[in-house]
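Each value in this text was obtained by applying a stated rule to the coordinates, not by laboratory testing. All of these numbers come straight from a predicted model, not from anything done at the bench. As a convention, Cβ positions derive from the backbone with ideal geometry for all residues, glycine included, and neighbour counts pool all protein chains shown.
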Amino acid sequence: MQRRTHPLEAPVMDPATEPAVSAPPHPAPEDHLKTGALGATGITAMVVAAAAPLTVMAGIAPLAISVGGIGAPAGYLAAGVVLALFAVGFTTMTRLTGGAGAFYSYITLGLGRSAGAGAGLLAVVSYNALQIGVYGLLGTQFQAAGVRLLGLDLPWWLYAVAAVAVVWALGRRGIDVGARLLGVLLAAETAILAVLVVGVVARGGHDGLHLTTFSSSALSQPGMLGILGFCFAAFAGFESTALYRREARDPDRSVPRATYAAVVFLGVFYALVVWAVVQGVGDAGAVAAAGADPVGLFFTVIETYVGTWASHVMDVLVLTSVLASQIAFHNAVNRYAFTLAEDGLLPPALARAHPRFGSPARAGAAQSLLALLVVAVFALAGLDPYTQLVLLVNTPGAIGVLVLQAVTSVAVVVWLHRHGSVRPVVLRVAVVATVLLTAALVVLVENVALLTAAPTGTNVVLVAVVPVVFAVGALTARALRSRRPDLHARIGGNS
């Protein structure tokens, strides 16, 4: 399957001034991804659903409040602003290059094939970590709901295995089916959070409505730096809009629109919802309430200001939220694997699309088998699905995605400067985004213990996964350069 190359695109050269190589055509898969299946709305739904707004809010935001204090809403808003700046250069490069590999393609274009290969492998590992780790949260939530609503006490791993099967089946059936389902689920979870906000505002909150959460005193609390990791992780996957380029209708318009829509919606919505919850319990009691009952905080607020029925509805929608996230991340992982397999960095069998549905079916099957394996290992070992499966597996994924965003931002700056074909303001914004993302990455790594609550040795290992994976990918590219120049020339898909 040939990749479209933009006329402005220059041949990719490694920093070591690699010799020019004429790339052979990609091996043609039996079938192609289904084109014209998604518009901007469908892509936005996929990406926002991957972020799982209700799960992030009800499950993670209370921790952000307990650590960062009442200024937590500003943390989400700040992360949204930084990522919106990043999106300026990112979407410009998407339009000019036509790359469907997102981080992988753009880092290759800007920094060379070795860096691109490292980024590609890190992207596959990071997205897999984020998706597979959340099966622990899904299993825990479904287990609790089964007991509470049905009086049925089944093991968490049984729900996780069933979810893996459902996610695999929907991914195999085709991206447009997944987008329709995700759109429905996203609308429902957004609606219940909006009901919470309206309820608090209509009744004036605990101590009256105010903006103290955005004051200098609230923002200067020591814990505010610590919650940036939570805040940036809440946007995980928004950049995957570029992965759906080949399946989009009018991709030059729909992909940028979906990217901006996703990051702006998430940033504003997260800040608004967390602000409403703080108003609901009051400034003085917010931190204590979040620390005492983080799991129940949102349910308590919506029950107090809206009613018991709303709490029950939210209970169910939290389950559909995490399932929607799993479907969306499964789709993103599969498309990264499909692209890397096309370019020779993963087994070519993963680049086979389903002959009828046009989905990356083999990549999806491989991802689902890996998820089953991880769930089985944690279940057989008797490990806790939340404090161990979720936190330990998700942490390298969250760090990896932020590393990829920062390195991609550097690559965008280099590429745009090299070609000089964009307005100067775009380049300046890309530079600012690079500085801010790098600073956020440093803060996240320094405060990783807040994410994991694990010993120092464990945290060192979790952080080390990211550079090790990147190095393995880069070294693989170096090896291919001398041993298999034909495969090396495919890296990045920009030949």
Return one quarter of the surface area of the convex hull spanned by the alpha-carbon atoms of the stretch 339-401, equal to its mean projected area, in nm². 5.7
Counting each DSSP H run of 4 or more residues in the chain as -39500 (n - 2.57), what helix-only mean residue ellipticity at 222 nm follows after dividing by all residues, to the nearest 500 deg cm²/dmol? -23000 deg cm²/dmol
Helix axis angle, 456-483 relative to the chain longest principal axis, alpha carbon, degrees: 20
In the chain, taking the dipole from +1 charges on Lys and Arg beta carbons and -1 charges on Asp and Glu beta carbons about the Cα centre, the listed residue (Leu228, Leu111, Thr308) farthest towards the positive end is Leu111
Highest mean first, how do 84-97, 382-395 rank when packing is the count of other Cβ atoms within 10 Å averaged over residues? 84-97, 382-395
From the square roots a ≥ b ≥ c of the eigenvalues of the alpha-carbon gyration tensor of the stretch 406-495, which class results: rounded (a/c under 1.5), prolate (a/b over b/c), or oblate? oblate
Once the Cα atoms of helix 391-419 and of the chain are each reduced to a long axis, what angle between those two axes, in degrees from 0 to 90 to the nearest 10, is obtained? 50
Debye, to nearest 20: dipole size of the chain, +1 on Lys, Arg Cβ, -1 on Asp, Glu Cβ: 1480
Which three numbers, in whole Å and largest first, are the semi-axes of the equivalent ellipsoid of the stretch 40-493 derived from its Cα gyration tensor as √(5λ)? 34, 26, 21
In degrees from 0 to 90, rounded to the nearest 10, what is the angle of the helix 283-292 Cα long axis to the longest principal axis of the chain? 70
